[in-house]
C-alpha cells in the first residue's frame with residue numbers, strides 16, 4: 001500500500017499569520033505518529049487540513065485523495081476524535097449506538113459495548129445526565145468502534161482520569177491498531193503516548209522541526225547527567241539543551257558519537273518530553 005498521508009510544501013495563512021509554513025511529511029500504513037508541539041504551533045491546522053476541514057496551499061493526498069476535493073471519500077475511511085465530544089444533549093446512549101450502527105457500515109457495535117461496559121455509563125442515560133468525562137468516554141467508545149484506515153486523535157483523553165486514559169491507550173494499541181491502520185495523535189500528555197509511537201513529528205511556528213522514526217531517536221540523541229567537574233568538556237560538544245538536576249546538568253546531544261559521551265557521566269536516551277523541550281528552545 002502507498003503512503004496513507006502525503007504532505008508536500010503545504011502552507012496555510014490567516015491574514016499575515018502563517019499557521020503552516022512549507023510543511024512536508026509522510027505517514028505510512030501501520031504508523032502511530034505523535035504530532036507534538038506547543039499551543040499555536042500548527043497542530044490543529046495540520047489535522048484540519050488532513051481532514052479537509054480547511055483549505056491550504058501546496059499538495060496533499062490522504063488515502064489517495066486531495067482533502068480539498070475528496071473529503072467525502074476520505075471520511076468513509078477516516079475517523080476523527082477531537083478534544084470535545086459533540087453529542088446532542090437529549091440523545092440516549094442506546095439511541096446513539098443505534099444511530100451510528102444505522103449510518104456507518106464499518107461500525108462494530110460489539111466493540112463499542114465492550115468499551116462502555118468498562119465505564120459507569122448506563123445505556124438508558126441521556127447525554128445531558130452524563131459528566132464531561134463520561135461524555136468523552138461515550139464519544140471515544142462510538143468512534144473507536146468504527147473500523148477505518150486512518151484514526152486522527154486531537155487531545156483524545158482531555159478531561160479523563162488517569163485510569164481511563166491508561167485503559168484507552170492500551171485498547172488503542174492492543175485492540176484497534178494493526179499493520180494497516182495508521183494513527184495520528186496530537187496531545188500535550190507526551191509521556192502517556194511515548195511507548196505507543198512509531199514516529200515523531202515535532203511542529204513549532206507552523207514548521208516541522210523534527211521528523212523521525214522512534215527507533216532512530218536513540219541513534220541521534222543522547223542525554224548525559226554531567227557532574228560539575230565535566231561541564232567544560234561537555235559544553236565543548238555543543239549540547240542542544242541542558243537543565244539542572246540535583247547539582248548536575250542533564251545535557252542532550254544531537255549526532256554526537258556515544259563513545260565521546262560515555263566518560264562525561266550517566267548516559268541514556270532522552271524521553272520524548274525532554275527532547276520536545278530541547279527542540280522547542282533551540
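Every read-out reported here was derived from the displayed coordinates using simple, explicitly stated rules and does not represent laboratory data. Fair warning: this is a prediction, and the values are worked out from it, not measured in the lab. Please note: Cβ atoms are built from the backbone with ideal geometry, for glycine as well, and neighbour counts cover all protein chains shown.
Observations on the model:
- In this label model, residue 91 and residue 258 are separated by 5.0 nm, measuring between points 7 Å along each Cα→Cβ vector.
- Residues listed by number, the stretch 180-224, amide nitrogen under 19 Å from residue 57 label point at 7 Å toward C-beta: 205-208
- Where labels lie 7 Å past Cα in the beta-carbon direction, separation of residue 232 and residue 281 in nm: 2.4 nm
- Length-normalised contact order of the chain in % [C-alpha pairs under 8 Å, at least 6 apart]: 21 percent
- Distribution of pairwise C-alpha distances over the stretch 217-280, 10 Å bins, in %: 24, 62, 14
- Among 260, 223, 147, the largest mean-square fluctuation in a Gaussian network model of the chain (Cα springs under 10 Å) belongs to 260.
- Tilt relative to the chain, helix 162-171 - C-alpha long axis, 0 to 90 degrees, to 10: 80 degrees
- For the pair residue 180 and residue 123, a Förster radius of 41 Å applied to the C-beta separation gives a FRET efficiency near 0.85, rounded to the nearest 0.05.
- Rounded to 5, percent antiparallel among DSSP beta bridges of the stretch 5-212: 55 percent
- Straightening the chain between residue 99 and residue 216 buys 37.7 nm, computed as 0.36 nm per residue apart minus the Cα-Cα spacing.
- Debye-sum result for the chain in log10 I(q)/I(0), which assumes one identical scatterer on each alpha carbon, at q = 0.09, 0.14 Å⁻¹: -0.50, -1.04
- FRET efficiency estimate (nearest 0.05) - Cβ-Cβ, residue 68 to residue 14, R0 22 angstrom: 0.85
- Rounded to the nearest 0.05, the FRET efficiency derived from the C-beta distance between residue 163 and residue 268 at R0 = 25 Å is 0.30.
- Euclidean distance between Cα centres, the stretch 14-46 to the stretch 219-263, Å: 30 Å
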